[in-house]
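Visitor: Sending over a structure as structure tokens; questions will come in a sec.
The values are calculated or read from the model by the stated rules, or taken from the named source; none is laboratory data. These figures come from a predicted structure and were not determined experimentally. Don't worry about glycine lacking a Cβ; one is built from the backbone with ideal geometry, like all the others, and counts go over all protein chains shown. Note: areas computed on protein heavy atoms with side chains; ligands, DNA, RNA excluded. Shrake-Rupley method; radii C 1.70, N 1.55, O 1.52, S 1.80 Å.
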Amino acid sequence: MARFHPLKVTDVRRETRDAVVVTLAPRDEDRALFDFTQGQYLTFRRDFDGEELRRSYSICAGLDEGCLKVGIKRVDGGAFSTWANENLAPGDEIDAMPPMGKFYTPIEAGAEKQYLGFAGGSGITPLLSIIKTVLAREPGSQFTLVYANRQINTIMFREELDDLKNLYLGRFSVIHVLEQEGQEIDLFTGRIDADKMTALFQHWLDAKSIDTAFICGPEPMMLAIAGSLKEHGLTEAQIKFELFASGQHGRAKARAVSRDAIVPGAGTAATVTLDGATRSFEMARQGETILDAAIANNMDAPYSCKAGVCSTCRCKVIEGEVEMAVNHALEDYEVRAGYVLSCQAYPLSERVVVSYDE
Amino acid sequence: MSETMNIEEYLAQGGVLTAPENVPARYRGELLRLMSSFVDSELAASAGFAASINYAPGIKERIAASRITLEKADHAERVLSVMADFGTDTARYETQHDWAARVGRDEDLGGTRTGGDMRLSVLHYPITGWIDAVVLNVLQGLATGVQMTELTRVSYAPLAEVFRDIAPREARHAELGLEGLERIAANDPDAARASIAYWQLRVAVGFGCLASTRYDILARFGLRHTPNETLLARWQALVTERLAAIGL
């Protein structure tokens, strides 16, 4: 099971009005664990008012920078990103899991590839890591970045990208698309949608020459770009996706406090929600799991190993008390948030309400 | 670019998910169910084929059977590592079931999952000899080839990538089988036909219920794209064509 390790904050640099770049260092004994591949992300955890929040942020450093850096853009109402933007300071420690993610292609020093990247807002962070690494380690390859932002002063890493253009003259180009600011060329104003993609392919991009395309941004932009790339002949295998941080779940609600007294008895009134449909039935207090009871009542609840190992059958207890016989798959924070493995969950209270939809 | 959309809507339009953190609860359940079914099937297939190595009549066949045994276990491990990102305890998972266990040759399991693991029901039946092993490998291998056209398109990108790596090697397993079956067809066509009659129906069951209600949910999640009926028909046509080509 993935484990958290403390990272020391060695630098916090303000990148734009609402984004910071945080440099981090692992302890000496954890150094190998935090070796990363370009395009990967780190998952952090922190306690906010007694509730653990986890957030993932992409590494923006290239492999040759010799350090870990993440870009954190403040999201309205986001507890973690606001805290990072306003409170994080050098010398602080923060818990992180080792780098994860598959948003990259293997580096081949002799490759002569054409890469195309699309970034929306802070979706630039993993792309920056990829761009820096590819340009440094694949001297024969070229990279074109299409970078969408609302306006000029919200562009993250604008100067760093300019420096890269100068450093790798002729091998790296950037097309800035700005939603709210007119530019000399109309094509570069507005949002990236299907029409804009078609126009980009007409005038600026050669679909046939592209080996791999990377997309990181919000959902509608990913759909529009992926659709257009496929229309222009790219295969699924040539398109690499990283869904933007906005896809992460909102703040997890703390577990509902049980209102049922745990009283001895033979039966439990169970209410189970699956795919938006809710069914209520009586089940035995002993000898029958919530999963088995749901299946016996013709619900197509997901499960696999039935041994508390795989976590396919995870559900959330909304009301009542249940007890798991074994748990080899859920982490403490999931259990605290009310999740149980339904194949191992026996009801303790007179009434139990669970959902597979949350 | 702060414009976002509901994740279900995004999936319904063909969107791709990239990490456990951005996967909704029901999607998570169905994704894990799909992965564990694949892992269990590969482990059971590998375990079943291991015994067939000793049925092999020659060195070439022995190498082919060994390779299939090895690579199916390797494919199981690759998908299991994607499950691990969701919390699955892989060390316990690998030893959870007796992957070599089989039922009686004449039992009829239908399409139900039995014995606690999620392997395809066809992989519960025992292999009786070399011809039998080759025939099962051909029929199930062609079925896997058809299923791979679905699996390589699943909306969970890290899994789709694993399947895209696996697909050519699974296709090679079926090709190895067809090469072997061609030799058998020339020497002992009756035994081959008897074995085909035994396995064909049992492999067909693996395509799942027709008019499946679960399919609709999976399709909405982008975990399936083609209905069971279509895949089954595609496999049947493929089997007819390939067997006819070698005179069976």
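Visitor: Let me cross-check A:Arg191: its accessible surface, 1.4 Å probe, with only protein heavy atoms counted, in Å² to the nearest 10?
Guide: Surface open to solvent at A:Arg191 totals about 90 Å².
Visitor: I'd like to know which of B:Phe86, B:Ala44, A:His203 lies farthest towards the positive end of the charge dipole of the protein assembly as shown, counting +1 on Cβ of Lys and Arg and -1 on Cβ of Asp and Glu.
Guide: Result: B:Ala44, furthest along the dipole toward the positive end.
Visitor: Expressed as a whole number of Å, what is the distance separating the alpha-carbon centroids of region B:169-207 and region B:116-155?
Guide: The distance from the Cα centre of region B:116-155 to that of region B:169-207 comes to 11 Å.
Visitor: Still on this structure, please answer the following. At a Förster distance of 51 Å, what's the computed FRET efficiency of B:Thr149 paired with A:Ala89, Cβ-Cβ distance as r, to 0.05?
Guide: 0.45
Visitor: Sticking with this one: Given a 1.4 angstrom probe, what's the average accessible area per residue across region A:5-96, in square angstrom?
Guide: Heavy-atom accessible area per residue stands at 45 Å².
Visitor: Let me know the charge dipole size of the protein assembly as shown about its Cα centre in debye, to the nearest 20, where only the beta-carbon of Lys, Arg (+1) and Asp, Glu (-1) is charged. Mind dumping the intermediate values first?
Guide: Numbers: 63 positive and 84 negative charges, 98 e Å.
That gives the protein assembly as shown a dipole magnitude of about 480 debye.
Visitor: Here is a further query. How many partner chain Cβ atoms sit within 10 Å of a residue's Cβ in peptide A:274-285, on average, as a whole number?
Guide: That works out to 1 on average.
Visitor: Quick one: what Rg and Dmax do you get for region A:299-358 from the alpha carbons, in Å?
Guide: For region A:299-358, the Cα-based Rg and Dmax read 10.5, 28 Å.
Visitor: Would you mind telling me which residue in A:Met299, A:Met156, A:Met100 has the biggest mean-square fluctuation in a Gaussian network model of chain A, where springs connect alpha carbons within a distance under 10 angstrom?
Guide: Checking each option, the largest mean-square fluctuation is seen for A:Met299.
Visitor: A follow-up question, please. Where does helix B:157-187 land angle-wise versus the long Cα axis of chain B, in degrees 0 to 90, nearest 10?
Guide: 10
Visitor: Turning to a different aspect of this structure: Where does the charge balance sit around A:Ala296 when Lys and Arg score +1, Asp and Glu -1, over other residues with C-beta under 13 Å from its C-beta?
Guide: Residues near A:Ala296 contribute -3 overall.
Visitor: Which Cα, out of A:Thr10, B:Ala245, B:Ala143, lies furthest along the positive dipole direction of the protein assembly as shown (beta carbon charges, K/R +1, D/E -1)?
Guide: Comparing the listed Cα positions along the dipole, B:Ala245 ranks first.
Visitor: Roughly how many Å² of B:Asp190 are accessible to a 1.4 Å probe, to the nearest 10?
Guide: 110
Visitor: When you look at the Cβ of every residue in A:83-95, what mean number of other chain Cβ atoms sits within 10 Å? Kindly include the intermediate steps, with their values, before the conclusion.
Guide: Numbers: counts 0, 0, 0, 0, 0, 0, 0, 0, 0, 0, 0, 0, 0.
Whole-number average of other-chain Cβ neighbours for A:83-95 is 0.
Visitor: Next question. Ignore the peptide's own chain and count Cβ atoms of other chains within 10 Å of each Cβ in A:215-224; give me the average, rounded. Intermediate values should be presented prior to the final figure.
Guide: Working: counts 1, 1, 2, 6, 12, 8, 3, 7, 7, 1.
Per residue, the number of nearby Cβ atoms from other chains is 5 on average.
Visitor: I've got another one for you. Please give the helix A:194-203 orientation as an angle from the longest Cα principal axis of chain A, in degrees from 0 to 90, rounded to the nearest 10.
Guide: 30
Visitor: Treating the angle as unsigned and between 0 and 90°, give the value, to the nearest 10°, between the Cα long axis of helix B:130-151 and the longest Cα principal axis of chain B.
Guide: So the helix axis and the longest Cα principal axis differ by about 20 degrees.
Visitor: Related question: Choose one of B:Ile63, A:Ser311, A:Ala269: the residue whose Cα lies farthest towards the positive end of the charge dipole of the protein assembly as shown (beta-carbon charges +1 Lys, Arg; -1 Asp, Glu; about the Cα centre).
Guide: Positive-most Cα among the choices belongs to B:Ile63.
Visitor: Considering only protein heavy atoms, what is the solvent-accessible area of B:Val239 at a probe of 1.4 Å, reported in Å² to the nearest 10?
Guide: 0
Visitor: Given a Förster distance of 45 angstrom, what is the FRET efficiency for B:Thr240 paired with B:Ile63, based on the Cβ-Cβ distance and rounded to 0.05?
Guide: Using R0 = 45 Å, I get an efficiency of 0.95.
Visitor: A further question on this structure: Give, rounded to the nearest 20 debye, the magnitude of the charge dipole that region A:267-355 has about its Cα centre when Lys and Arg contribute +1 at Cβ and Asp and Glu contribute -1 at Cβ.
Guide: Around 80 debye, computed over region A:267-355.
Visitor: Using modelled backbone amide H atoms (1.01 Å from N, in-plane), which distant-in-sequence or interchain residues come within less than 5 Å of A:Ile318's amide H?
Guide: It is A:Val353, A:Val354, A:Ser355, by chain and number.
Visitor: Next question. With a 1.4 Å probe on protein heavy atoms only, work out how much accessible surface B and A bury together, total over both chains, in Å² to the nearest 100.
Guide: Working: alone 12020 and 17600 Å², together 25680 Å².
What B and A bury together is about 3900 Å².
Visitor: Moving on to the next point. Could you tell me what percent of the accessible area of chain A is made up of carbon and sulfur, with a 1.4 Å probe and every protein chain present?
Guide: About 47 percent, which is the carbon plus sulfur part of the accessible surface.
Visitor: Moving on to the next point. What residue among B:Gly145, B:Gly129, B:Gly87 shows peak mean-square fluctuation when chain B is described by a Gaussian network model with Cα springs under 10 Å?
Guide: Among B:Gly145, B:Gly129, B:Gly87, the largest mean-square fluctuation in the Gaussian network model of chain B belongs to B:Gly87.
Visitor: First select every other residue whose beta carbon is under 15 angstrom from the beta carbon of B:Lys60; then total the charges, Lys and Arg +1, Asp and Glu -1.
Guide: Charge balance in the 15 Å sphere: 0.
Visitor: Would you calculate the separation in nanometres between label points at A:Asp206 and B:Arg169, each defined as 7 Å from the Cα along the Cα-to-beta-carbon direction?
Guide: Here the answer is 3.6 nm between the modelled labels.
Visitor: So if I take the centroid of the Cα atoms in region B:15-30 and the same for region B:62-88, what is the distance between those two points in Å?
Guide: 23
Visitor: Hey, which lysines would be in cross-link range of A:Lys73, C-alpha to C-alpha under 25 Å, not counting anything within fewer than 8 residues on its own chain?
Guide: Answer for A:Lys73, where 25 Å is the Cα cut-off: A:Lys8, A:Lys102, A:Lys132, A:Lys165, A:Lys240, A:Lys253, listed by chain and number.
Visitor: Okay, moving on. Could you check the spin-label model distance between A:Ala109 and A:Glu181? Points 7 Å from the Cα along Cα→Cβ, value in nm.
Guide: Simple spin-label model gives 4.1 nm for this pair.
Visitor: Order B:His225, B:His124, A:His176, A:His203, most accessible first, counting only protein heavy atoms with a 1.4 angstrom probe.
Guide: Final ranking, largest accessible area leading: A:His203, B:His225, A:His176, B:His124.
Visitor: Let me ask something else about it. Treating only the Cβ of Lys, Arg, Asp and Glu as charged (+1, +1, -1, -1), what charge dipole size does region B:106-248 show about its Cα centre? Round to the nearest 20 debye.
Guide: Dipole of region B:106-248, to the nearest 20 debye: 480 debye.
Visitor: Taking chain B as a Gaussian network, Cα atoms linked when under 10 Å apart, which of B:Ala73, B:Ala91, B:Ala185 shows the biggest mean-square fluctuation?
Guide: Largest GNM mean-square fluctuation: B:Ala91.
Visitor: What distance in nm separates the simple spin-label points at B:Asp98 and A:Ala266, each placed 7 Å from Cα in the Cβ direction?
Guide: Between B:Asp98 and A:Ala266, the label points sit 3.6 nm apart.
Visitor: Could you rank A:Lys8, B:Lys60 by how accessible they are, 1.4 Å probe, largest area first?
Guide: Highest to lowest solvent-accessible surface, that is B:Lys60, A:Lys8.
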